[in-house]
Amino acid sequence: MSILIKDATILTQDATRRRLHGDVYIEDQKITQVSEKPVTVEADYKIDGRKKLLLPGLINLHTHLPMTLLRGYGDDMQLQEWLQQRIWPVEARLTPETIASGTALGALEMITSGTTTFLDMYFFEETIAEVIKKSGLRGFLGFGIVDFGTAQYKSDEMLPACERFVKTWHRDPMIHPVVAPHSAYACGPESLRRCQEIATKYDVLVHTHCSETRDEVYDMEKKYGKRPVEQFHSLGLLTPRMSLAHCGWITKTEIATMKETGVAVAHCPVSNYKIGTGGYAPIPEMLAAGIRIGLGTDGAASNNILDMFDTMKFAALGQKQHRWDPRVFPAQTVFDFATIGGAACLGIQNQVGSLEVGKQADLIFIDLDQPHLTPVHDPVSHLAYAVRGGDVCTTIVNGVPLMLDRKFLTLDPHETMEKAAQSATRLTS
Ligand SMILES: [Zn+2]
């Protein structure tokens, strides 16, 4: 398949963050030309880039896709109360059918709001993989591990099932299996050690929740005499393979450990502020230490949308307000986190995250012809502070259009939303 894009304003996100106006040619999944001079070739699709902004597809570093079914179900509650009264009772009733419909809804939402790569962690990940494969998105799919078992597996069945899942998918070009122990409080030392063994054996990533709330940190200190970061470190899980979601309650000593071990961080400001977790991830200090950082929406139950533009804005504003300093988190930095920075967290910065010749063609268009995006003094400022997910008009992943001028090509939006709404009613009634 080939795609020719004409006359677009292009934010490349390459090493010099080059911006240009011109044409892009995509052939057989890859970007083959990015040029200020007109490109004249025949192509299967020709896209008029005028009044549009062309940028790399966004990377969501932490989500739980099927939780789209629980959007708006149990807001304004404390974390433990919310989990115990709302989330866990519903999760005990999950089936492959409900998981599939929630995943498809999440995929549809990501395609429509410009996310092209994401890191999920949940249960029934085998079903999630099948749905994502059909959607055309680039998925890092975390097989969730908890010591108490799930609706799908008893506790002693989980790690063998995880290994089967990893073995099935680890050579797929678009689906990347990830080992995802839920957290240091939901997984004991033995499960954590075995998670690491599986990840090392198949050379795949590990993803977990870490230091989201102060209670979590205090409970870990009481039970194990170690904070979550220390617990992961002592069990050998802190390696460049690992990404930690949240990190709201992190000390300077822990930042040094994180730097030394090469872990990545998925910052999830909207979920943190909505649940009121209190801690602010020390992003300026982590950045100064050279830690890889990306952004995550978290699940739709605690966000309540999977819109990465919204997360970019919250990320920047939260740090500015917390530090009494608007300079701490500039628009370009937040845009980097959502693109090339997120790619680096996943170890795929040589494949995606920027628009450069030779890279896989994951890119999106923003429709600039709208009141709230006029005028354009600085397109990067717009991305951080003014663009909303609904302004994305075209989404291309691996050289394949998934949405073209707001028309979906891989998923049927009406059927997807209808099925998801039915599943949500079944689960919560
Ligand atoms: Zn989460």
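Figures for the structure shown
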{"read-out": "The chain shape via C-alpha gyration tensor axes, a/c threshold 1.5", "value": "prolate"}
{"read-out": "Sites TYR202 and ARG50, calculated FRET efficiency, Cβ-Cβ separation with R0 56 Å, nearest 0.05", "value": "0.75"}
{"read-out": "Förster radius 56 Å - calculated FRET efficiency between GLN33 and LYS222 (Cβ-Cβ, nearest 0.05)", "value": "0.40"}
{"read-out": "Segment ARG406-ASN350, length gained on full extension (0.36 nm per residue, minus Cα span)", "value": "17.3 nm"}
{"read-out": "Ranked list, fewest to most other Cβ atoms within 10 Å of each Cβ, for GLU356, GLU157", "value": "GLU157, GLU356"}
{"read-out": "Dipole of the stretch 58-345, positive end: most advanced residue of THR168, TYR273, VAL229 [Cβ charges, Cα centre]", "value": "VAL229"}
{"read-out": "Residues HIS372, HIS182, HIS267 arranged by fewest to most Cβ contacts within 10 Å", "value": "HIS372, HIS182, HIS267"}
{"read-out": "Residue exposure sequence - ASP203, ASP219 - by fewest surrounding Cβ within 10 Å", "value": "ASP203, ASP219"}
{"read-out": "Residue with peak Gaussian network fluctuation, the chain [Cα springs, cutoff 10 Å], from LYS419, LYS259, LYS154", "value": "LYS154"}
{"read-out": "Cα-based reach from LYS313 at 21 Å (exclusive), listing lysines while leaving out same-chain residues under 8 positions away", "value": "LYS52, LYS274"}
{"read-out": "Where labels lie 7 Å past Cα in the beta-carbon direction, separation of THR95 and ALA288 in nm", "value": "5.5 nm"}
{"read-out": "Label point distance in nm, ARG426-ALA43, each placed 7 Å from Cα along Cα→Cβ", "value": "4.2 nm"}
{"read-out": "Contact order relative to length of the stretch 58-345, as percent, for alpha carbon pairs under 8 angstrom and 6 or more apart", "value": "21 percent"}
{"read-out": "Cβ-Cβ FRET estimate between ASP325 and ASP76, R0 fixed at 22 Å, reported to 0.05", "value": "0.15"}
{"read-out": "Proximal lysines to LYS167, defined as alpha-carbon separation beneath 22 angstrom and excluding residues fewer than eight positions away on the same chain", "value": "LYS133, LYS134, LYS154, LYS201"}
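Here, each number is a calculation from the coordinates, and none is a lab measurement. Just so it is clear, the structure is predicted and the values come from calculations on it, not from any experiment. Note that each Cβ is placed from the backbone with ideal geometry, even for glycine, and that neighbours are counted across all protein chains shown.
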